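What follows is a short report on a single structure.
The values are calculated or read from the model by the stated rules, or taken from the named source; none is laboratory data. Keep in mind that this is a model prediction, so the values were computed, not measured. Here Cβ is always computed from backbone atoms with ideal geometry, including for glycine, and neighbour counts include all displayed protein chains.
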């Protein structure tokens with residue numbers, strides 16, 4: 001959460017248990033966050049942490065948790 005509070009380009013974030021929903025100004029800002037700091041460390045250790053899924057889409061409106069979960073359920077490993 002500290003990294004999210006300090007990153008440039010973040011429009012919003014929501015946390016729910018082990019889920020995180022973020023909105024970004026642009027793809028470059030999201031990639032800058034994803035590829036650095038604590039997030040990068042966590043992704044390197046995701047096999048130790050547990051199951052991980054992600055989905056990216058463009059929208060004009062902040063999605064609900066129901067919308068995000070519906071999109072995640074459509075992803076196959």
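Below, the figures for the structure above:
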item	result
Filtered residue count, region 16-34, keeping only those that are exposed (fewer than 12 other Cβ atoms within 10 Å of the Cβ) and touching a helix residue (DSSP H, G or I) at 6+ places or on another chain (Cβ under 9 Å)	2
Residue 73 being modelled with pLDDT of 80 or more and surrounded by 14 or more Cβ atoms within 10 Å (Cβ to Cβ)	no
